[in-house]
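Asker: First, the structure itself, so that you have it in front of you.
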Amino acid sequence: MVQSALALMFEIVFLGTSASAPSVHRGLSAQVVMHNEHRFLIDCGEGTQRQILQSGLGFKRLERILITHGHLDHILGLAGLVSTFTRWETTERLEIWAGRWALERIRLLLYEIVLKGARLPFELKLGEIRPGLMFDHKTFTVSAFPVQHRGADSFGFVFEEKSKRPFLVEKAEALGVPAGPIRRELVAGRTVTLPDGRAVTPEEVLGPPISGVKLVHVGDCGDTRDLVGVARGADALVIEATYLSGEAEMAREFGHLTAAQAATLARDAGVRQLFLTHLSRRNRERDVLEEAQAIFPNTIIARDFDHYTITRPA
């Protein structure tokens, strides 16, 4: 687990960590990224709704789904999840975001099979992902970037907390700034007037900006050369490791990565923590870990229901 003296920033729960087909211990691709009350489901492989329930997360506030690409092992779970939502009053709105090709497959799956003729008790929005900013909240952003995989419209996602300036209590006390709303005004960047008539500006009581936590999520991927800049300085990188180096030719053929390639990206981008997922049933977990740690020691093999806190050291 990534530890810090700072407050909690992002959490990630791995719901499915297997490649292509489920195994006894691993479900198909799905993860939930959380920031305070916000939740994002990334991919929705077959059986995801059961994984959500078994993880203890439940369906509350699960209003946004981000799809990395349109291969079936990453989208088939949408059928069951949306079907359940039509019967349970779990949400008032559900957004599903994907690239154009993936979105067309999802539209056919949902509207031609699952929802054909049904009246929805919630608002369903299908949105097309384009590279760049997707969500802009007052405390964090979510951006999409293109990923090389078989076919078109594959995307990864950057979750990044906005930088902030710490409130310097000692300076505030020296200036006679009382605790309470007046300090909140300064934190918000507004000049205040003290009871004695003196004006205090934010620059007098705020420290230099501190960069926010950065979590980078990559789904299936066949080439990392364009990802070094995107992942630069990330506190956590989540990425696939479907093959081992001895299977490099097969990895190239099917547009996937070896554990060594994923670890090399983490090393070259200077990330703090590497999480490997999308493991093939043909490989032993310890072999994947050994190959990656030989290049990037701070590597973790994600397992179903693992729950990690991603923060930045003070």
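The values are calculated or read from the model by the stated rules, or taken from the named source; none is laboratory data. Nothing here was measured: the structure is a model prediction, and the numbers come from that model. Cβ coordinates were reconstructed from backbone atoms using ideal geometry, including for glycine residues, and neighbour counts include every protein chain displayed.
Asker: From (1) closer than 26 Å to Val288 by Cα; (2) in a loop (DSSP other than H, G, I, E, B); (3) under 21 Å from the mean Cα position of the chain (by Cα), pick out the condition that doesn't hold for Arg150.
Answerer: Tallying (1) closer than 26 Å to Val288 by Cα; (2) in a loop (DSSP other than H, G, I, E, B); (3) under 21 Å from the mean Cα position of the chain (by Cα), Arg150 fails exactly one: (3).
Asker: Which residue out of Leu279, Leu289, Leu244 is among the hydrophobic types (A, V, I, L, M, F, W, C), free of Cβ contacts under 8 Å to residues at least 60 places away in the same chain and crowded, with 21+ Cβ neighbours inside 10 Å?
Answerer: Result: Leu244 is the single residue among Leu279, Leu289, Leu244 that is among the hydrophobic types (A, V, I, L, M, F, W, C), free of Cβ contacts under 8 Å to residues at least 60 places away in the same chain and crowded, with 21+ Cβ neighbours inside 10 Å.
Asker: Only one residue in Glu95, Glu112 is assigned by TED's automatic domain parsing to the domain that holds Gly222, among the acidic types (Asp, Glu) and either part of a strand (DSSP E or B) or under 25 Å from Asp235 (Cα atoms) (or both), so which one is that?
Answerer: Result of the check over Glu95, Glu112: Glu95.
Asker: Is it true that Ile310 is closer than 25 Å to Ala144 by Cα, in contact with a Gly (Cβ under 9 Å, 6 or more places away or on another chain) and either buried (at least 23 other Cβ atoms within 10 Å of the Cβ) or at pLDDT below 95 (or both)?
Answerer: Details: closer than 25 Å to Ala144 by Cα: yes; in contact with a Gly (Cβ under 9 Å, 6 or more places away or on another chain): no; either buried (at least 23 other Cβ atoms within 10 Å of the Cβ) or at pLDDT below 95 (or both): yes.
In short, no.
Asker: Buried (at least 17 other Cβ atoms within 10 Å of the Cβ), in contact with a Gly (Cβ under 9 Å, 6 or more places away or on another chain), more than 30 Å from Pro166 (Cβ to Cβ) and among the hydrophobic types (A, V, I, L, M, F, W, C): which single residue out of Val230, Val218 fits that description?
Answerer: That would be Val218, the only listed residue that is buried (at least 17 other Cβ atoms within 10 Å of the Cβ), in contact with a Gly (Cβ under 9 Å, 6 or more places away or on another chain), more than 30 Å from Pro166 (Cβ to Cβ) and among the hydrophobic types (A, V, I, L, M, F, W, C).
Asker: Look at Ile96 and say whether it is under 15 Å from the mean Cα position of the chain (by Cα) and not acidic (Asp, Glu).
Answerer: Working: under 15 Å from the mean Cα position of the chain (by Cα): yes; not acidic (Asp, Glu): yes.
In short, yes.
Asker: Just to verify a result, which residue in the range 230-239, among those that are out of contact with any Phe, Trp or Tyr (no Cβ under 9 Å at 6 or more places or on another chain) and not charged (D, E, K, R), is nearest to Tyr308 (Cα to Cα)?
Answerer: Among residues in the range 230-239 that are out of contact with any Phe, Trp or Tyr (no Cβ under 9 Å at 6 or more places or on another chain) and not charged (D, E, K, R), the one nearest to Tyr308 (Cα to Cα) is Ala234.
Asker: I'd like to know if the range 295-303 contains one or more residues that are within 21 Å of the chain's Cα centre (by Cα), more than 21 Å from His71 (Cβ to Cβ) and surrounded by fewer than 17 Cβ atoms within 10 Å (Cβ to Cβ).
Answerer: For the range 295-303, residues within 21 Å of the chain's Cα centre (by Cα), more than 21 Å from His71 (Cβ to Cβ) and surrounded by fewer than 17 Cβ atoms within 10 Å (Cβ to Cβ): present.
Asker: Do you know which residues across the range 155-174 are surrounded by 14 or more Cβ atoms within 10 Å (Cβ to Cβ), among the small types (Gly, Ala, Ser) and over 15 Å from the mean Cα position of the chain (by Cα)?
Answerer: Matches in the range 155-174: Ala172 only.
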